Amino acid sequence: MNISKLLKNNSIVIVTHEYTTGPPHSLEKYCSGKVSKLLFISHPFIFAPDTRSYFNLYDFKGKVQDSVHFIKFIQNQFISVMKDIVLTVYWVVCAGQFDQYIGVDGMNAFTGLFLKRLGIVKRVIFYTIDYVPNRFNNAFVDSIYLWIDKKAVEGSDVVWNLSDTMKTMRAEQGLSHSYDAKQILVPVGTDVDIPEVKESERKRFHVAHMGHLTKKQGVQLVIEAIPEVLTKVPEFHFDIFGAGEYEKTLKELSARLNVDSFVTFHGYIEDHHSLEIKLSTCSLGIAPYVDTQDNFIRHTDPGKVKAYLAAGLPIVITKVPDVWKDIEKNKCGKACEANPSSVAKTIIFLLTDELLLGLYRKNAVVYARKFSWKRVFTRAFQASNKIFSFGTQGMT
């Protein structure tokens, strides 16, 4: 199946929420220049550095024909969601009709179903980045979240899941198995154009963490592990790339444990490629997720793991998301329990074995190539077209 021929006569709109760059932006890059018309709409979360909604409209050559940033809006969750829906509908209607609407998360997919009912879009793809039944720890709000997700799955033509666990969890929440066939696996991909780092430029004992700083991300476990790590690896240093509401607490913890000189908070880095280059100069990437039932990571495919692999970093990961099994199976890193002592011992084990670290580094690069974004999205559109063809007439 020639995906280029399938896509070239299609117009696509992608609608997402964002904190930083991620799978939706990689999808934007993939589709640009491959489809007849592309509209990318993004609504930053209210805690993002820049909260202005924006869109980019591309022509068939991948050139930006129009780009608009909305004004900064009141930082209220409910009002912000209403604003996002109104802007999405308005911007899509103004841009004309589309063959496919890809809504990243339930609310954006739900908006797509409304546009489909209006006849503005022909088909809706629900792109699920995460799925957590008790996401908000509030029974009423969680029930609304689950209802929106259920209706988005039922109404969409195809559902892209970051993890197969999502399909299982939906069935446990009462979704009919009749919707299983249109739910397909679309894992997180990798960028494979990161320059290789010379060994002389690599920071031998530096461990990196990237991502939004929240308690569930588990950065505190690494900081609490530093005193034990220093007993065996005195040159150790922890590089933290990202920002968030938990940053102040982490800095206070570093100072309280008297390890702040071994930790650098680099802050939020907007350009993802620049971030990946910085990551590639370190020796390890760490994904220390906390083991709690409300941690959505256990039901998804963490983006930071693929970013580490693409940067050639062996990984230390807690046994929370299922991907830890793949990391160990492919000898790209080591998994540990979600506590400071286990994290410390695993870091020490890898940083003190240079030969093993080199082997894992090579394995990480090889494994990352299997998940290039080009491969991931090509397979996703091919699988989606089969579902479209079964139910309707395929891509136009």
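Each value in this text was obtained by applying a stated rule to the coordinates, not by laboratory testing. Because the structure is a prediction, the values reported are computed rather than measured. Cβ: placed from backbone, ideal geometry, glycine included. Neighbour counts: every protein chain shown.
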Mean 1/r over all different Cα pairs, inverted: what Kirkwood radius does segment 295-396 give, in Å?
15.4
So how do 175-186, 13-24 stack up, highest first, on mean other-Cβ count within 10 Å?
13-24, 175-186
Quick check on my link table: of 34/151; 232/331; 306/345; 122/167, which ones sit more than 26 Å apart, alpha carbon to alpha carbon?
34/151
When the Debye formula is applied to the Cα atoms of segment 199-369, each taken as the same point scatterer, what base-10 log of I(q)/I(0) results at q = 0.17, 0.19 Å⁻¹?
-1.01, -1.31
Sum of -39500 (n - 2.57) over DSSP H runs of 4+, divided by residues of the chain (222 nm, nearest 500)
-13000 deg cm²/dmol
Can you give me the Cα centroid spacing of segment 251-327 and segment 167-199 in angstrom?
19
Tell me the trypsin sites (Lys or Arg not before Pro) within segment 1-92 that lie in a loop according to DSSP and have at most 12 other beta-carbon atoms within 10 Å.
61, 63, 72
Please sort by residue number the GluC sites (Glu not before Pro) in segment 265-372 whose DSSP state is loop and whose Cβ has at most 15 other Cβ atoms within 10 Å.
270, 337
Percent of Cα-Cα pairs per 10 Å bin, from 0 to the last occupied bin, for segment 116-275, please list those.
9, 25, 24, 23, 14, 4, 0
Using the scaling law 2.2 N^0.38 Å as the reference, what is the normalised Cα Rg of segment 1-158?
1.02
Vicinal HN-Hα couplings computed from phi for segment 2-19 (Karplus, 6.51 cos²θ - 1.76 cosθ + 1.60; Hz; Gly/Pro x)
7, 5, 4, 5, 5, 8, 4, 9, 9, 10, 10, 10, 10, 10, 9, 9, 8, 10
Would you mind computing the Rg to Rh ratio of the chain from its alpha-carbon coordinates, Kirkwood style for Rh?
0.97
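Output the DSSP H helices from the chain with an along-axis C-alpha extent of no less than 15 Å and a mean Kyte-Doolittle hydropathy no less than 1.0. All intermediate terms of the calculation are to be shown ahead of the outcome.
Values: long enough: 77-95 (27 Å, 1.48); 106-118 (18 Å, 0.56); 139-155 (24 Å, 0.35); 219-232 (20 Å, 1.02); 340-351 (16 Å, 1.47); 354-369 (23 Å, 0.27); 373-391 (27 Å, -0.21).
Once both thresholds are applied, what remains is 77-95, 219-232, 340-351.
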